[in-house]
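*Asks:* One structure, pasted below without further comment.
The values are calculated or read from the model by the stated rules, or taken from the named source; none is laboratory data. None of these values were measured; they are calculated from a predicted model. Note that each Cβ is placed from the backbone with ideal geometry, even for glycine, and that neighbours are counted across all protein chains shown.
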């Protein structure tokens, strides 16, 4: 009951309208345009575009998860790629078990790469992944556990700021090295791929693709609402207070460790779910998802969109990944220049990202229209800059 | 007059006599030699073997090429005159008289009959050549001889080797002689000789000796000991024990050396970071790219030397590369600091992201200029080669050079910080910026120079790292996480901490590697550091108290 | 949450041997804060040297001392930021503060105002007070917290006390220095602590603001214990409370402002020989 009333009060009515319109646009309009219009129509959404958008939706959820811990609690995790990839691997393991005897070696239990390595039985940590519910549980539990343990170690010792960033980066680096090893039992270098079906549906089929796309959109919407619920709660204000003056929060009697641990774990779960939705859409998961560079890139999505605003994280993920798709098609050698410049421009000129910039512009226009004497919120943000 | 004549005649006779005697002796030896050479063409293998052994015993080194030709199936009789010849070359064979060494011109295989050799013959040849070479003035030949003589089955080989050992001065040859001697004696039927052999070996604690002695302590399939004499068994067991201890120590020393060597690489990679991160508090994610720029500067300088400088000065390119890399990386560092980083002071996370952006751009820039594939950098002559510090412990010169270089860089930097006005200003600015500014120090300039210094040192590290690894646009990425780990582990802001951190991690890594493998070792280290920070959140050499919280 | 340890009997077992010039009560009974033989050193530098101090329930105490006398370190020890090398720190004569962390100590009812005003600049004045409001501090309780009408009224009340009623919706970062000081005092009031520690509450205030603050403190001192660290002698005089002089990490003198100011050792310390 409380939940409902809180969610209802989350947004102004206009906010809800925008949210619902966007949701309907993404989950109804795009698939309809894909299915009903002939390919030559200018409004037709080709299936590859649908898959691309599905990928972006997963990235948006990932960006959202990082924004929770970075934008609100002020702890920049450079290891979110690990949670994303772990969720992805859990889903990948389920999809591998679904291949069954259709693999190259036709072994009913062992995935091809295990047969290739002359393994004779399934390692214990693969048990249960033939069940979707178990895999789905692990998609959340594994990243959550890692985040909880790492977070407990880090936050308890009051590792903050760049130290936290470096530790999380080292964590993702170590995991990447570990997953590169064949002996780990996750397919080594090649990772998990050649999936056939998910929940009985052919993974290549157009219907499945649309289904995955819609699922991603719905989950992103849910993730947004959950995050929104957290950041507008008093806990959200505690997190922001931690971001501003961590030790002061302790003297008010709040456990900074627990608050951060909570949001870090939630964030890891969201990232894991994003990874789990991503893997069936791209058809592969391998250790390169855990390269430190990938994890840092997530931070730039959030920074571009505007950290500390949930909507900004989503916008940022779409903008940067859209640019990436454009560049890899048009001028691949310039993509890294562009990305690098984006990092610099954002930090130097757009500390609040696109959303912050837009708000500033709006405020400026409003001020020009009516020379308001009490432009208080603006004064505060200027004070910070 | 008569007296004079008599004296003259006597003198003449004496001279004649001496000459004649000498001639006679020479002919006699020549005869034995010629006979033995001729014996090589005997029809039976047994006779051939006897002739080979005779040649070996004669001690005339002229026999060596003939015997070696025989072992290579290049000893022939010429059909035309039955002369024994050695030949070289494939289709057109150049002939040499076997007995006299006289050149006989070309021939074809149709003119010749090959003298067949089998493996028994080759073994005999090896032993005979060994015997002949054991007295060779060239130590390398003597060493080879000592090793081939193991195969000699002749009973007088042992006294010959003992004799050679008594005269031998060169340590390596002595070792080989002792080993051969022991091998031969250990297969002797006389228990006393076997025991002596083990005693002879007691100062030679090498893996070869271990392989040699181990069979003595084993049991045969029927349960009896391979060595019947318990006294010899005991001596062998004792020797094995000592060898194992020594080998363990050698391995330990080798691991230590490799650990220190890896530690030096880490140290070089992290020193610059100790300045930019440790002193200035700037998280420079492009630090690895500064190293990479230094390595590419080395590539360019090397290329310039190849093209414009005479080859004999090529080895100097490395010396020139060091200041060049310092300037290139330092200049890029100063540009970065003035252009971007200075606007981000006090915002470490933003600095981290911006410098990551710079690193991406620098990588792509280098890729655009030099291409993505690895660049090859050749070590200068004085850095190739190795020294064997202990038996089984080979230290390559390039590793030693890196260790020395890393320590020099560290010492130089420590001196710079401590004794120069710039070092003083730098410390002043980091401790109290506004105060330093009030005293007329140009803090902006000091910031730029400090950052340039840290970047320049990273560039210098790149010169060194180009000597031990590949030079590619991704070079820096491989070092960035490690460098940060070193600085975090060692304690931020302390050069000693960086030294201790780098060495600890390097040695730790090398000792873990044999058990855990390179990758798992790395993972364990990362886990270790994460746990370590629990206990000492500010590193090994941390500042304590209020100063640390500023 | 509140882990009340059994009252340690060290005070009885170990009669204080160290002869500090002034030692007041030696029994923790009846005290709100009891420090005995507390020492803290940083790399050999003794910030606190066998410090003993007793604050009684309902008492207001001002602490003065030259720079480096250990005033801030003492606050750090009481609030759990720094662990003492040795010595006892008891709250309410029974809770051993050296075993607890900052959050637990704060939840016992010890509030602290920092030397440099620290408010949450990106939250509004109202939100700052809301965070300080005495409620369940658990993470999930905080997540599902809902402000009741009564609590909102309480915040309004405090807003009135600190004179920031009309700025409640402004970001705290936009306040003036003095207003931030008041906001922080307001946050202490919201915490409803039994013991308030105020580190230089009037630093940087105008004379008028200082006077207002003094009367505000006297007002709130009625139903709680307060320890004020201050340099401003006018302000100390205005508070009219008992004064403790710290020097080199231990108590140098104690008494009324006039007694203390007449003490030759205090004069020596402040003016130098």
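*Asks:* Kindly indicate which of A:147, A:82, A:154, A:75 is at negative phi, within 14 Å of chain B (Cβ to nearest Cβ) and part of a loop (DSSP other than H, G, I, E, B).
*Replies:* Within the list A:147, A:82, A:154, A:75, the selection yields A:75.
*Asks:* Test each condition in (1) within 14 Å of chain A (Cβ to nearest Cβ); (2) surrounded by fewer than 18 Cβ atoms within 10 Å (Cβ to Cβ); (3) in contact with a helix residue (DSSP H, G or I) (Cβ under 9 Å, 6 or more places away or on another chain) for residue B:351 and report the one that comes out false.
*Replies:* So residue B:351 meets the others, but not (2).
*Asks:* Can you tell me which condition residue A:150 does not meet? The list is (1) surrounded by 21 or more Cβ atoms within 10 Å (Cβ to Cβ); (2) within 16 Å of residue A:276 (Cα to Cα), and all the others hold.
*Replies:* (2)
*Asks:* When you look at residue C:40, is it in a strand (DSSP E or B), modelled with pLDDT of 85 or more, within 14 Å of chain B (Cβ to nearest Cβ) and buried (at least 23 other Cβ atoms within 10 Å of the Cβ), yes or no?
*Replies:* For residue C:40, the condition - in a strand (DSSP E or B), modelled with pLDDT of 85 or more, within 14 Å of chain B (Cβ to nearest Cβ) and buried (at least 23 other Cβ atoms within 10 Å of the Cβ) - is met.
*Asks:* Among the residues in region B:202-211, are any without any contact (Cβ under 8 Å) to a residue 12 or more places away in the chain, in a helix (DSSP H, G or I) and touching a helix residue (DSSP H, G or I) at 6+ places or on another chain (Cβ under 9 Å)? Let's see the steps before the verdict.
*Replies:* Let us first name the residues in region B:202-211 that are without any contact (Cβ under 8 Å) to a residue 12 or more places away in the chain, namely B:203, B:211.
From the residues that got through so far, the ones that are in a helix (DSSP H, G or I) too are B:211.
Now drop any that are not touching a helix residue (DSSP H, G or I) at 6+ places or on another chain (Cβ under 9 Å), which leaves none.
Scanning region B:202-211 turns up no residue that is without any contact (Cβ under 8 Å) to a residue 12 or more places away in the chain, in a helix (DSSP H, G or I) and touching a helix residue (DSSP H, G or I) at 6+ places or on another chain (Cβ under 9 Å).
*Asks:* Return the pair list, or none, for Cβ contacts closer than 7 Å from residues in region C:57-80 that are without any contact (Cβ under 8 Å) to a residue 60 or more places away in the chain to residues that are not in a strand (DSSP E or B), at least 6 apart or on different chains.
*Replies:* Listed by first residue and then by second, the contacts come to C:76/C:82; C:77/C:84; C:80/C:97; C:80/C:100; C:80/C:101; C:80/C:102; C:80/C:105.
*Asks:* When you go through A:29, A:61 one by one, which is the residue that is in a helix (DSSP H, G or I) and surrounded by fewer than 20 Cβ atoms within 10 Å (Cβ to Cβ)? Please lay out each step first, then the result.
*Replies:* Numbers: A:61 fails: surrounded by fewer than 20 Cβ atoms within 10 Å (Cβ to Cβ).
Sole residue among the options that is in a helix (DSSP H, G or I) and surrounded by fewer than 20 Cβ atoms within 10 Å (Cβ to Cβ): A:29.
*Asks:* Please enumerate the residues belonging to region B:415-442 that are surrounded by 16 or more Cβ atoms within 10 Å (Cβ to Cβ) and farther than 17 Å from residue B:277 by Cα.
*Replies:* B:425, B:436, B:441
*Asks:* May I pose another question? Which condition breaks for residue A:216 when tested against (1) modelled with pLDDT of 90 or more; (2) within 11 Å of chain B (Cβ to nearest Cβ)?
*Replies:* Just one mismatch for residue A:216, condition (2).
*Asks:* Still on this structure, I have one more. So which residues in region A:230-260 are more than 8 Å from chain C (Cβ to nearest Cβ), under 17 Å from residue A:64 (Cα atoms) and surrounded by fewer than 24 Cβ atoms within 10 Å (Cβ to Cβ), if there are any at all?
*Replies:* Hits for region A:230-260 are A:231, A:232, A:236.
*Asks:* Of the numbered conditions (1) at pLDDT 90 or above; (2) closer than 23 Å to residue C:225 by Cβ; (3) within 13 Å of another protein chain (Cβ to nearest Cβ), residue C:55 fails exactly one; give the number of that condition.
*Replies:* Failing condition for residue C:55: (3).
One line per residue, one yes/no per condition, for (1) under 23 Å from residue A:242 (Cα atoms); (2) facing chain B (nearest Cβ under 10 Å); (3) at pLDDT 90 or above:
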position	(1), (2), (3)
A:297	no, yes, yes
A:303	yes, yes, yes
A:333	no, yes, no
A:340	no, yes, yes
A:354	no, no, no
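*Asks:* Any idea how many residues of region B:452-470 are surrounded by fewer than 24 Cβ atoms within 10 Å (Cβ to Cβ) and touching a residue at least 60 places away in the same chain (Cβ under 8 Å)?
*Replies:* Residues that pass the stated criteria total 3.
*Asks:* Now, a different point. Which condition from (1) touching a strand residue (DSSP E or B) at 6+ places or on another chain (Cβ under 9 Å); (2) over 30 Å from residue C:70 (Cβ atoms) is the one that residue C:110 breaks?
*Replies:* Residue C:110 satisfies all of (1) touching a strand residue (DSSP E or B) at 6+ places or on another chain (Cβ under 9 Å); (2) over 30 Å from residue C:70 (Cβ atoms) except (2).
*Asks:* Scan region A:93-104 and tell me whether some residue there is over 25 Å from the mean Cα position of the chain (by Cα), in a loop (DSSP other than H, G, I, E, B) and more than 14 Å from chain B (Cβ to nearest Cβ).
*Replies:* Yes: region A:93-104 contains one or more residues that are over 25 Å from the mean Cα position of the chain (by Cα), in a loop (DSSP other than H, G, I, E, B) and more than 14 Å from chain B (Cβ to nearest Cβ).
*Asks:* Is it true that residue A:49 is part of a helix (DSSP H, G or I), modelled with pLDDT under 95 and crowded, with 24+ Cβ neighbours inside 10 Å? Full working, then the answer.
*Replies:* Numbers: part of a helix (DSSP H, G or I): yes; modelled with pLDDT under 95: yes; crowded, with 24+ Cβ neighbours inside 10 Å: no.
Answer is no for this residue.
Let's see how each residue does on (1) within 14 Å of chain C (Cβ to nearest Cβ); (2) in a helix (DSSP H, G or I); (3) at pLDDT 85 or above:
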site	(1), (2), (3)
B:450	no, yes, yes
B:473	no, no, yes
B:501	no, yes, yes
B:518	no, yes, no
B:524	no, yes, no
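*Asks:* Restricting to region B:37-62, what's the tally of residues that are modelled with pLDDT under 80 and crowded, with 22+ Cβ neighbours inside 10 Å?
*Replies:* The qualifying residues number 1.
*Asks:* Select the helices (runs of 4 or more DSSP H) contained entirely in region C:94-178, then report the ones holding at least 3 residues which are more than 8 Å from chain A (Cβ to nearest Cβ) and over 20 Å from residue A:238 (Cα atoms). Explain how you work it out, then say what you get.
*Replies:* On the way: elements: C:102-108, C:125-132, C:139-143, C:149-161.
By residue number, C:149-161.
*Asks:* Which condition breaks for residue C:188 when tested against (1) crowded, with 22+ Cβ neighbours inside 10 Å; (2) out of contact with any helix residue (DSSP H, G or I) (no Cβ under 9 Å at 6 or more places or on another chain)?
*Replies:* Of (1) crowded, with 22+ Cβ neighbours inside 10 Å; (2) out of contact with any helix residue (DSSP H, G or I) (no Cβ under 9 Å at 6 or more places or on another chain), only one is false for residue C:188: (2).
*Asks:* Read through the list (1) touching a residue at least 40 places away in the same chain (Cβ under 8 Å); (2) surrounded by fewer than 16 Cβ atoms within 10 Å (Cβ to Cβ); (3) within 14 Å of chain A (Cβ to nearest Cβ), then give the number of the only condition that residue B:374 fails.
*Replies:* The one condition residue B:374 does not meet is (3).
*Asks:* Quick check on region A:131-142. Is at least one of its residues within 22 Å of the chain's Cα centre (by Cα), within 11 Å of chain B (Cβ to nearest Cβ), buried (at least 16 other Cβ atoms within 10 Å of the Cβ) and modelled with pLDDT of 90 or more? Steps first, answer last, please.
*Replies:* Narrowing region A:131-142 to residues within 22 Å of the chain's Cα centre (by Cα): A:132-142.
Right, trim to within 11 Å of chain B (Cβ to nearest Cβ) and you get none.
No - not one qualifying residue is present in region A:131-142.
*Asks:* Related question: Collect the residues in region A:159-190 that are more than 7 Å from chain B (Cβ to nearest Cβ), closer than 25 Å to residue B:276 by Cβ and not in a helix (DSSP H, G or I), keeping them in residue-number order.
*Replies:* Within region A:159-190, A:160 is the sole residue that qualifies.
*Asks:* Now for a different question. Among A:200, A:223, A:187, which is the only one that is out of contact with any strand residue (DSSP E or B) (no Cβ under 6 Å at 6 or more places or on another chain) and surrounded by fewer than 21 Cβ atoms within 10 Å (Cβ to Cβ)?
*Replies:* Details: A:223 fails: surrounded by fewer than 21 Cβ atoms within 10 Å (Cβ to Cβ); A:187 fails: surrounded by fewer than 21 Cβ atoms within 10 Å (Cβ to Cβ).
Step by step, each of A:200, A:223, A:187 is checked, and only A:200 is out of contact with any strand residue (DSSP E or B) (no Cβ under 6 Å at 6 or more places or on another chain) and surrounded by fewer than 21 Cβ atoms within 10 Å (Cβ to Cβ).
*Asks:* Can you name every residue in region B:319-345 that is within 24 Å of residue A:67 (Cα to Cα) and either outside any loop (DSSP other than H, G, I, E, B) or within 11 Å of chain A (Cβ to nearest Cβ) (or both)? Break it down stepwise before answering.
*Replies:* Of region B:319-345, the ones within 24 Å of residue A:67 (Cα to Cα) are B:341, B:343-345.
Across region B:319-345, the qualifying residues are B:341, B:343, B:344.
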